[in-house]
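Here's the structure, in structure tokens; my notes come after.
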Amino acid sequence: MIDDLMRTPGARLVRGTFNDAVVVPSRWVARFPRADLADARRRALALERIGRLGLPFAVPEVVENRLDLPLGQAHIVVSYLVGEQVEIASDDSVREVLDALAAVEPDEHLRALLDEPLRHAGGAHVAETITELVFPLLTDDERDQASQVLHRFAELPDVAGFVHGDLAPVNLRWDGNRITGILDWDFACVGDPALDAAAFAGYGWPLVERVRPDQYERALTHAAMFPLTGAASTIRQGQDPERFLAWFRRRCAVREHPPVPGNH
């Protein structure tokens with residue numbers, strides 16, 4: 001099936017953590033889940049509902065759903081979102097995105113389709129999953145620092161809102177100084193909105209502090225977890241966690257994960 005689609009003029013293959021994708025720029029993207037078709041079917045239904053929320057940016061439209069096929073052939077075709085990636089983000093556009101997500105009140109049908117927060121890394125058992133899978137790959141000092149990060153995470157208050165879950169720059173599409181499209185809603189959940197705020201730290205922590213001062217300290221802790229949850233997630237998928245471990249080790253070298261509130 002993938003080989004057939006790769007014959008489309010301009011098609012390229014992109015291998016992600018959970019899906020293989022055939023991308024035809026400006027036309028469509030076909031996503032082939034590597035495992036767990038039940039999850040893929042649920043997330044496809046969630047994407048359809050999210051697309052009807054009236055958000056002020058584009059969401060991929062489900063063009064064809066063939067998740068009824070066997071694994072390896074099962075896929076979903078979504079619309080391609082045009083736009084650029086930027087190195088410098090505008091406060092107004094980031095604030096618009098976060099405000100729009102904050103305004104969503106998922107009904108019971110959407111809630112039933114959304115992910116559990118951090119499900120890819122163990123969900124409610126994320127700390128245990130990281131301890132079991134990631135700690136054996138760390139030095140004693142790195143484990144001590146990882147334990148401190150997990151302690152910070154455990155101390156976070158229970159805050160619930162509509163969360164995209166992966167607002168990394170690669171999933172954003174810009175036109176000038178506006179975010180006009182957002183990709184990859186697989187991790188959408190009801191969780192702490194500071195998780196989404198933390199994802200914008202790639203454009204600088206001062207931006208996060210300006211647009212979400214009330215979430216800033218929680219965002220620091222969520223960001224401190226990113227390499228650990230990323231490593232746990234890739235190990236669970238049977239993949240090499242080295243890029244996440246290298247990220248964590250760089251932080252360990254300067255003992256900053258990111259800065260603990262009050263020490264930055």
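The values are calculated or read from the model by the stated rules, or taken from the named source; none is laboratory data. Small disclaimer: the values here were computed from a predicted structure and weren't measured. Don't worry about glycine lacking a Cβ; one is built from the backbone with ideal geometry, like all the others, and counts go over all protein chains shown.
Among the conditions (1) under 26 Å from Phe248 (Cα atoms); (2) touching a residue at least 24 places away in the same chain (Cβ under 8 Å); (3) in contact with a helix residue (DSSP H, G or I) (Cβ under 6 Å, 6 or more places away or on another chain), the only one that Ile179 does not satisfy is (1).
The lone criterion from (1) touching a residue at least 24 places away in the same chain (Cβ under 8 Å); (2) out of contact with any Leu (no Cβ under 9 Å at 6 or more places or on another chain) left unmet by Asp186 is number (2).
The set of residues from the stretch 189-217 being in contact (Cβ under 8 Å) with a residue 40 or more places away in the chain and under 17 Å from the mean Cα position of the chain (by Cα) comprises Cys189, Val190, Gly191, Asp192, Pro193, Leu195, Asp196, Ala197, Phe200, Ala201, Tyr203. For first residues located in the stretch 226-247 and closer than 14 Å to Ala146 by Cβ and free of Cβ contacts under 8 Å to residues at least 60 places away in the same chain, partners that are assigned to a helix (DSSP H, G or I) and of a type in the set (S, T, N, Q) and lie 6+ apart or on another chain with Cβ distances below 8 Å form the pairs Phe244/Thr234.
Taking the stretch 151-179, which residues are among the hydrophobic types (A, V, I, L, M, F, W, C) and buried (at least 16 other Cβ atoms within 10 Å of the Cβ)? Selection gives Phe153, Phe162, Val163, Leu167, Leu172, Trp174, Ile179.
Pairs are defined by a Cβ separation below 6 Å, a sequence spacing of at least 6 or placement on different chains, a first member in the stretch 36-57 that is at pLDDT 95 or above, and a second member that is assigned to a helix (DSSP H, G or I); the pairs so defined are Arg42/Leu113; Leu45/Leu113; Ala46/Leu113; Arg49/Leu110; Leu55/Ala100; Pro56/Ala100. Regarding Asp240, is this residue surrounded by fewer than 23 Cβ atoms within 10 Å (Cβ to Cβ) and of a type outside the set (Lys, Arg)? Taking the combined requirement at face value, the residue satisfies it.
Contact map, the stretch 147-161: residues that are free of Cβ contacts under 8 Å to residues at least 40 places away in the same chain paired with residues that are surrounded by 11 or more Cβ atoms within 10 Å (Cβ to Cβ) and among the hydrophobic types (A, V, I, L, M, F, W, C), Cβ distance under 8 Å, separation 6+ or inter-chain. Pairs shown: Ala154/Ala127; Ala160/Val190.
Give the residue, chosen from Glu142, Glu84, that is surrounded by fewer than 12 Cβ atoms within 10 Å (Cβ to Cβ), farther than 22 Å from Cys189 by Cβ and touching a Lys or Arg at 6+ places or on another chain (Cβ under 8 Å). Please lay out each step first, then the result.
Numbers: Glu142 fails: surrounded by fewer than 12 Cβ atoms within 10 Å (Cβ to Cβ).
Testing whether each residue is surrounded by fewer than 12 Cβ atoms within 10 Å (Cβ to Cβ), farther than 22 Å from Cys189 by Cβ and touching a Lys or Arg at 6+ places or on another chain (Cβ under 8 Å) leaves just Glu84.
One residue is enough: does the stretch 62-79 have a residue meeting the conditions farther than 27 Å from Glu96 by Cβ, at pLDDT below 95 and of a type in the set (Gly, Ala, Ser)? Yes; the residues of the stretch 62-79 include at least one that is farther than 27 Å from Glu96 by Cβ, at pLDDT below 95 and of a type in the set (Gly, Ala, Ser).
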